[in-house]
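Here's the structure, in structure tokens; my notes come after.
Please treat every number below as a calculation from the coordinates, not as lab data. Bear in mind that the values here come from a model prediction, so they are computed numbers and not experimental data. When we count neighbours, we look across all protein chains shown, and the Cβ atoms used for this are built from the backbone with ideal geometry, even at glycine.
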Amino acid sequence: MLKKLLPHPHLTLLLTVVWLLLANAYTLNSLVFGLLMGLVIPWITAPYWPDRPRVRNFPMIVEYVLIVLWDILKSNITVARIVLFVPNAKLEPAWVTVPLDLHEPEAITALAGTITMTPGTLTAELAADGHSLLVHCLHAPDPDGVRDEIKERYERRLKEIFE
Amino acid sequence: MELFWEILIAALLVIGGFFGLVGSFGLVKLPDPMTRLHAPTKAATLGVGAVLIGSMVYFAAFKGDLSLHELMITLFIFLTAPITAHFIAKANLLRDWRPERLPPPEGEGDWAVYTPAADTSALELQEVEDADKEAAREAAQAAAQAAAGTTGSEAERG
């Protein structure tokens, strides 16, 4: 019964919070309306995710988000330094293939987005069979190191979250 | 105390402006489309982020109300920036690169842009089109038969 009423409790919570933030008014009014949307939208869209992945490890999400935010900060400074101080002739752009251990489409999407937002790397393409990502590096004297860092830093944690 | 907040907000705005400028400068300076993609997707994130944090601090310190709108803007930027970058990269791969110049993916197959058959939406569109054509032909045949039938019966009557 509860499962039928609340097919996706996390989405309900997220939608309510997002609605409150969007309305920018923390009143009972917006809370009720937000909850209403949080209940109706998951209920309507439930048939579109026949097998969505289960999140197995919530504390890991917090750790992951903090690490990614920190890396975004570092990445901005790194890229700014490359843009300003590395002459184009010395730039070493490189393509890197990252083989994937993740299988859930949601997890791969999260990894691809993270790679784009973090130091000097950008996800360009997914393999047709979905088992590797093509990553472009802005300045990578050591492409293998980039690949190992992506696998160790992000993919391992996403694997713990989703699988 | 007021001075401290003012300095903090001013610093955040200057940081934001600086990174926005670097991001735009990168677009001009970097040599090719793939490297140019790096500048706006990253430098701009911190630029926008710093301005938004400045705005939150300003409203909290001087207007006395909590404004968390800005978190939503950040969230939407983090959701859309990688997707935009991915689509531009995909288009660029298709226009200016050949699979031979890229490292191959692990295992069988090739990258998705170079594998049209993997795009099932095109196949589905083709199937729908074929089904439409089939239906149209059958309808035309039926109409022709019906027309032949009526002229035939008219001829009999005559």
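As I understand it, the value is the acute angle between the Cα axis of helix B:69-96 and the longest principal axis of the Cα atoms of chain B; what does it come to in degrees, rounded to 10?
Tilt relative to chain B: about 50 degrees.
Using Cα springs under 10 Å in a Gaussian network model of chain B, which residue among B:Thr115, B:Thr41, B:Thr80 shows the largest mean-square fluctuation?
B:Thr115
Given R₀ = 22 Å, FRET efficiency for A:Glu160-A:Val17 by Cβ-Cβ distance, to 0.05?
0.35
Which whole-number percentage describes the relative contact order of chain A, with Cα contacts under 8 Å and a sequence gap of 6 or more?
24 percent
Given a Förster distance of 25 angstrom, what is the FRET efficiency for B:Glu106 paired with B:Phe76, based on the Cβ-Cβ distance and rounded to 0.05?
Details: r = 33 Å, r/R0 = 1.33.
With a Förster radius of 25 Å, E is 0.15.
Using label points projected 7 Å from each Cα along Cα→Cβ, tell me how many nm separate B:Leu125 and A:Phe85, to one decimal.
Distance between the two pseudo-spin positions: 4.8 nm.
Looking only at B:Pro105, B:Pro33, B:Pro82, which one moves most when chain B is put into a Gaussian network model with springs between Cα atoms under 10 Å?
Result: B:Pro105 has the largest fluctuation of those listed.
What translational diffusion coefficient, to the nearest whole µm²/s, does the range B:2-114 have by Stokes-Einstein, given a Kirkwood radius computed over alpha-carbon pairs, a temperature of 4 °C and 1.567 mPa s viscosity? List each step's numbers first, then the result.
Values: Rh = 16.6 Å.
So the translational diffusion coefficient is about 78 µm²/s.
Can you give me the distance in nm between label points at B:Lys133 and A:Val62, each placed 7 Å from the Cα along the Cα-to-Cβ direction?
Taking the simple label geometry, B:Lys133 and A:Val62 are separated by 6.0 nm.
Among the listed pairs A:Lys159/B:Lys29; A:Lys74/B:Lys29; B:Lys90/B:Lys133, which have their C-alpha atoms separated by more than 30 angstrom in this model? Walk me through the numbers on the way to the answer.
On the way: A:Lys159/B:Lys29 38 Å; A:Lys74/B:Lys29 21 Å; B:Lys90/B:Lys133 33 Å.
Too far apart for the 30 Å limit: A:Lys159/B:Lys29; B:Lys90/B:Lys133.
In nm, what is the difference between 0.36 nm times the number of residues separating B:Lys63 and B:Thr84 and their Cα-Cα distance? Before the final figure, lay out the partial values.
Details: separation 21, 0.36 × 21 = 7.56 nm, distance 3.54 nm.
Here the answer is 4.0 nm.
Among B:Arg98, B:Arg36, which comes first, second and so on when ranked by fewest other beta-carbon atoms within 10 Å? Working shown, then result.
Values: B:Arg98 8, B:Arg36 18.
With the fewest neighbours first, B:Arg98, B:Arg36 line up as B:Arg98, B:Arg36.
Please average, across the residues of B:80-90, the number of beta carbons from any other chain that are within 10 Å of each residue's own beta carbon, and give a whole number. Display every interim value, and only then the final one.
Numbers: counts 1, 3, 10, 4, 1, 8, 10, 0, 2, 8, 4.
Mean inter-chain Cβ contacts per residue within 10 Å come to 5.
Give me the inter-chain shielding for B:30-40: mean count of other chain Cβ atoms within 10 Å, whole number please. Mind showing how you got there, number by number?
Working: counts 7, 4, 3, 0, 7, 11, 1, 5, 14, 5, 1.
Mean shielding by partner chains, rounded to a whole number: 5.
Please check which bits of the range B:32-63 a label hung off A:Leu73 would reach, taking the label as a point 7 Å along Cα-to-C-beta and the cut-off as backbone N under 19 Å.
Correct set: B:42-58.
Based only on the alpha carbon positions, what is the Kirkwood hydrodynamic radius of chain A, in angstrom?
Values: mean 1/r = 0.0546 Å⁻¹.
The answer is 18.3 Å.
Over chain A, with a Gaussian network built from C-alpha contacts below 10 Å, which listed residue (A:Phe33, A:Phe58, A:Phe85) shows the highest mean-square fluctuation?
Highest fluctuation among the options: A:Phe33.
Going by the alpha-carbon gyration tensor, a ≥ b ≥ c the square roots of its eigenvalues, is the range A:2-48 rounded (a/c under 1.5) or, if a/c is not under 1.5, prolate (a/b greater than b/c) versus oblate? List each step's numbers first, then the result.
Values: a/c = 2.70, a/b = 2.21, b/c = 1.22.
Prolate, since a/c reaches 1.5 and a/b exceeds b/c.
Hey, what angle do you get for helix A:28-45 against the long axis of chain A, alpha-carbon based, 0 to 90 degrees rounded to 10?
70 degrees
Taking the Cα atoms only, what angle lies between the long axis of helix B:2-29 and the longest principal axis of chain B, rounded to 10 degrees?
Tilt of helix B:2-29: around 50 degrees.
With the contact rule set at Cα under 8 Å and sequence spacing of 6 or more, what percent relative contact order holds for chain B? Intermediate results must be reported in sequence, preceding the final value.
Numbers: 93 pairs, mean separation 25.9, N = 158.
Value for chain B: 16 percent.
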